[in-house]
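Just below is one structure, and these are the notes that go with it.
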């Protein structure tokens, strides 16, 4: 590739400075630039992850593996990738709720507006202004296309992928939302970030379900975030007790990272925790039918998993709570139209009821053991 002349270099620098200024003006905390060919090893690593089956039931990941490995396979004309970071750090350690079995733990990122909506609109505004200034084509992505944003963020210098495989920033710890802008413009690039994890393994050791086979590797099939959000159907019975009261995602490996001591809480109001999602009661959430679920989580990413999967997660939390006060609600849900809800209600009741009470309950339901929940009855010892 020929060396750019002074005029070309100045244009690159000016356009790079322009997009970074636009990023700051639109509320982003970080903005750095890399080349479209900057992640040559990402495709191989993704392939190894998928070939090992660690993607679980996320078939869309396997179906798009070839396009994910190289931005140029997604858009052959792309030359530069601008990566944006938006801080969503909580005001307090989100693990505090884990000691409150009557409360439901929702991942920090999902306690207010859907970040896709918050970021996408801003990126479109920046892209429009940049395209006009650069006379170049642009495309923006926020976790909605086969784009490997974390490796690109590392190449651009926003942070590094820690041993938990998530991005870590020296300025914002583990709490960054990412978005990207692909462009045909040739921009001045930033230096990549280096790994600063050292000998620390706090994120590996804290994982409740041992989802990390080794540092820098994750098995989604054991990850609570995957199980409560992406996974459909019943959750592995051996993993249910380990989930505790986490009903949507898990922040343990993020929250324990020592680099979070440098992170300030999010300034974007749309990302600050809604008061009613800080410590919602399991008892209240179990009462939500489909309409009430959609209304309560309007604008929240929680809504995308649907009411039935959400109630499934809540019933696991109820079963782990040790609270007999939840038995009445669980009994009602044992007759729910959804098989996955009925099944988890049976599991929850098997843990909350005294042995004799559960046997009597099972006898009452002997004629209602359809195929959808038969396995749960068998697991409970009354099949």
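Restricting the search to the range 148-161, which residues are assigned to a loop (DSSP other than H, G, I, E, B) and surrounded by fewer than 24 Cβ atoms within 10 Å (Cβ to Cβ)?
Of everything in the range 148-161, those that are assigned to a loop (DSSP other than H, G, I, E, B) and surrounded by fewer than 24 Cβ atoms within 10 Å (Cβ to Cβ) turn out to be 148, 157.
Against the conditions (1) more than 18 Å from residue 191 (Cα to Cα); (2) out of contact with any strand residue (DSSP E or B) (no Cβ under 6 Å at 6 or more places or on another chain); (3) not in a loop (DSSP other than H, G, I, E, B), where does residue 13 fall short? Just the number, please.
Of (1) more than 18 Å from residue 191 (Cα to Cα); (2) out of contact with any strand residue (DSSP E or B) (no Cβ under 6 Å at 6 or more places or on another chain); (3) not in a loop (DSSP other than H, G, I, E, B), only one is false for residue 13: (1).
Got at least one residue in the range 118-136 being at pLDDT 95 or above and either more than 26 Å from residue 76 (Cα to Cα) or outside any helix (DSSP H, G or I) (or both)?
The answer is yes; a qualifying residue exists.
Please determine whether any residue of the range 59-82 is assigned by TED's automatic domain parsing to the domain that holds residue 155, at pLDDT 95 or above and assigned to a helix (DSSP H, G or I).
Within the range 59-82, not a single residue is assigned by TED's automatic domain parsing to the domain that holds residue 155, at pLDDT 95 or above and assigned to a helix (DSSP H, G or I).
State which residue is farthest from residue 247 (Cα to Cα) when the search covers only the range 305-337 and only residues that are loosely packed, with under 14 Cβ neighbours inside 10 Å and in contact (Cβ under 8 Å) with a residue 40 or more places away in the chain.
Here the residue is 325.
Table: residues versus (1) over 30 Å from residue 285 (Cα atoms); (2) touching a residue at least 60 places away in the same chain (Cβ under 8 Å).
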site: 73; (1), (2): yes, no
site: 88; (1), (2): no, yes
site: 98; (1), (2): no, yes
site: 119; (1), (2): no, yes
site: 126; (1), (2): yes, yes
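Could you grab me the full set of residues in the range 111-140 that are surrounded by fewer than 23 Cβ atoms within 10 Å (Cβ to Cβ) and under 16 Å from the mean Cα position of the chain (by Cα)?
112, 113, 114, 115, 116, 117, 118
Looking at 23, 9, 16, which is the one that is out of contact with any helix residue (DSSP H, G or I) (no Cβ under 9 Å at 6 or more places or on another chain) and crowded, with 17+ Cβ neighbours inside 10 Å?
16
Given 174, 169, which one is touching a residue at least 60 places away in the same chain (Cβ under 8 Å), more than 16 Å from the chain's Cα centre (by Cα) and buried (at least 18 other Cβ atoms within 10 Å of the Cβ)?
None of the other options fit; the residue is 169.
Out of the range 210-224, which residues are crowded, with 21+ Cβ neighbours inside 10 Å and in contact (Cβ under 8 Å) with a residue 24 or more places away in the chain?
212, 218, 223, 224 - these are the residues of the range 210-224 that are crowded, with 21+ Cβ neighbours inside 10 Å and in contact (Cβ under 8 Å) with a residue 24 or more places away in the chain.
Quick check on my filter: what residues within the range 354-379 are surrounded by 19 or more Cβ atoms within 10 Å (Cβ to Cβ) and not in a helix (DSSP H, G or I)?
Residue satisfying the conditions is 373 alone.
The values are calculated or read from the model by the stated rules, or taken from the named source; none is laboratory data. This one's a predicted model, so the numbers in the text were calculated from it and none came from an experiment. Cβ: placed from backbone, ideal geometry, glycine included. Neighbour counts: every protein chain shown.
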